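The values are calculated or read from the model by the stated rules, or taken from the named source; none is laboratory data. All figures in this text were calculated on a predicted structure; none of them were measured in a lab. Please note: Cβ atoms are built from the backbone with ideal geometry, for glycine as well, and neighbour counts cover all protein chains shown.
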Amino acid sequence: MNTFAKLATQKSHSLRQSLTKRNFSQHSFKENPIIFNKINEFYVIKGKERVVGLWLLGVSATVFSMIILGGYTRLTRSGLSMVKWHPHRVGLPKNNEEWEAEFDEYKKFPEWYLVNQHKGMDVEGFKQIYFIEWAHRILGRAIGGVFMGPLAYFWIRGYLQPRMKRNLLLLLGFGAFQGFAGWWMVKSGLVNKEQTKELDKTPNVSPYRLTFHAYNAYIIYGVLFWMSLHLLRRPQEAMITMKNMADHNAMRKILGRAAHGLFPIVLLTGFFTAGIQGRFAVNTFPKVGPHWFYNSNHFNWDIPFWKNFTENKLVVQVTHRTLAVIFSLLAIKSIVEVNKLANLSPIARKSFYFFISAIILQVLIGMHVVWFPNPVPLANSHQAGAVTLLTALLFAMHTCRKVDPRHIKNLLGKMRVEDPQGFHNMMQKFNKHTMSKKEYEYAKKEFMQK
């Protein structure tokens, strides 16, 4: 027994030394007790957070793959191969006669007789682009099944709270609307462009409808991913104290400037660049040919001025990449601000640097797409990079999300007992870095007027 006791003591001592060497001793792993949990109050019943959260994470991952496949469909010019919408139809044509029938239908539309006929496309080439568009549509329907099946099960079993039911029903409706929006987008490419007001008369889907469809997809993905994080991560109240609250609030404001500032506009201009095949417009970076920026000669003055920023390929591409560079520089500049936040939790700091890394990677991919616009995998990786960047931003924002006001009340109550002078100083003057004005007024009313 003495031998075993000595071995246990030695192992414990070596473990402490190892943790010290890895600087784990610098951080406290002690969590706050959770007296209340908004997740169980508003989202799911206690004990079912993980199963529902993993389901939502899985659906969001499927939507991620759907976005990538959608980009590949656009880049390979496959989106106009299925000229009819059959919601009830699932399988591919079964024999040569059915393939020839589909090919004959395709030949009635502009993309065939203006583009692919002159390239010598035969039925085998048609099968390739048809399969890509078919896979895109089938994956969309599969997402509906993956969403609705477990939703019905969780609903019947009583796992979901009323607010969660409402949110999921709205998301289901939004997803169904996205399916209709996809066909609405495809229809815009099946018409004679000479009869439209679009600048590019090549058979393509409308860049406005493509942008609308793509933005909806990003919103659906973002909402699903955010909801899954709510259920799978520990409550924010477990790690927020009066000591680190101000730093987490500061990081949230830094990320909020990105989320509600340039990032949505960079995405918007990126969708228009994709919609008009703008990557081919100019293949020099950082200069625009011999110039540093576009000038009046680059604008088409025969169309409304604003249309240059949605349909003029060179102007749209240069606008997109310029805004992306400005966004990246501002984000990198914020590293200095975040490094000053001494009490930021380790996971919050790591999530911020993951966000910065995603930005740098996306810029590097974007530069190579400008220099080498032809490789489809490279261009599609830029689409994947955009969704990854959105993922990193959402994860970082979720890491420093707001806490329940009741938790702040508990922290202030504890501080009032343990540090009366510090509590008095805090209540005497509003500090926007510690809490919001609304939270301050609530706390003042709760503690100072009793």
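Filter the helices (runs of 4 or more DSSP H) completely within segment 48-164 down to those with at least 2 residues that are among the small types (G, A, S).
Helices (runs of 4 or more DSSP H) meeting the threshold: 49-75, 123-157.
Residue-wise test of (1) surrounded by 15 or more Cβ atoms within 10 Å (Cβ to Cβ); (2) over 30 Å from V51 (Cβ atoms); (3) more than 35 Å from the chain's Cα centre (by Cα).
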position	(1), (2), (3)
A101	no, yes, yes
E105	no, yes, yes
Y113	no, yes, yes
K127	yes, yes, no
I143	yes, no, no
F154	yes, no, no
Q161	yes, no, no
N167	yes, no, no
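Could you say which residue among F225, F272 is within 29 Å of R50 (Cβ to Cβ), crowded, with 21+ Cβ neighbours inside 10 Å and either among the aromatic types (F, W, Y) or in contact with a Lys or Arg (Cβ under 7 Å, 6 or more places away or on another chain) (or both)?
Being within 29 Å of R50 (Cβ to Cβ), crowded, with 21+ Cβ neighbours inside 10 Å and either among the aromatic types (F, W, Y) or in contact with a Lys or Arg (Cβ under 7 Å, 6 or more places away or on another chain) (or both) holds for just one of F225, F272, which is F225.
Name, by its number, the condition in (1) surrounded by 13 or more Cβ atoms within 10 Å (Cβ to Cβ); (2) over 19 Å from F271 (Cβ atoms); (3) at pLDDT 90 or above that does not hold for K201.
Looking at each condition in turn, K201 falls short on (3).
Any chance segment 315-334 includes a residue that's loosely packed, with under 14 Cβ neighbours inside 10 Å, β-branched (V, I, T), more than 30 Å from R349 (Cα to Cα) and outside the structural domain of M185 (by TED's automatic domain parsing)?
Looking through segment 315-334, none of the residues is loosely packed, with under 14 Cβ neighbours inside 10 Å, β-branched (V, I, T), more than 30 Å from R349 (Cα to Cα) and outside the structural domain of M185 (by TED's automatic domain parsing).
Residues in segment 316-374 that are in a helix (DSSP H, G or I) and free of Cβ contacts under 8 Å to residues at least 40 places away in the same chain: how many?
Residues meeting the conditions: 24.
Can you name the helices (runs of 4 or more DSSP H) wholly within segment 181-298 that have at least 1 residues being over 24 Å from L323 (Cα atoms) and over 27 Å from the mean Cα position of the chain (by Cα)?
Here the list is empty.
Mind checking whether some residue in segment 293-300 is among the polar types (S, T, N, Q) and buried (at least 21 other Cβ atoms within 10 Å of the Cβ)?
no
Is segment 61-78 home to any residue that is at pLDDT 95 or above and in contact with a strand residue (DSSP E or B) (Cβ under 6 Å, 6 or more places away or on another chain)?
Looking for residues that are at pLDDT 95 or above and in contact with a strand residue (DSSP E or B) (Cβ under 6 Å, 6 or more places away or on another chain), one finds none in segment 61-78, hence no.
Here's a check for you: in segment 160-198, which residue that is basic (K, R) and more than 22 Å from G144 (Cβ to Cβ) is modelled with the highest pLDDT?
R163
Can you name the residue in segment 230-259 that is in contact with a helix residue (DSSP H, G or I) (Cβ under 6 Å, 6 or more places away or on another chain) and modelled with pLDDT under 80 and is also surrounded by the fewest Cβ atoms within 10 Å (Cβ to Cβ) among such residues?
M242
K187 fails exactly one of the following numbered conditions: (1) of a type in the set (D, E, K, R); (2) touching a Phe, Trp or Tyr at 6+ places or on another chain (Cβ under 9 Å); (3) under 14 Å from R401 (Cα atoms); (4) surrounded by fewer than 20 Cβ atoms within 10 Å (Cβ to Cβ). What is the number of that condition?
(3)
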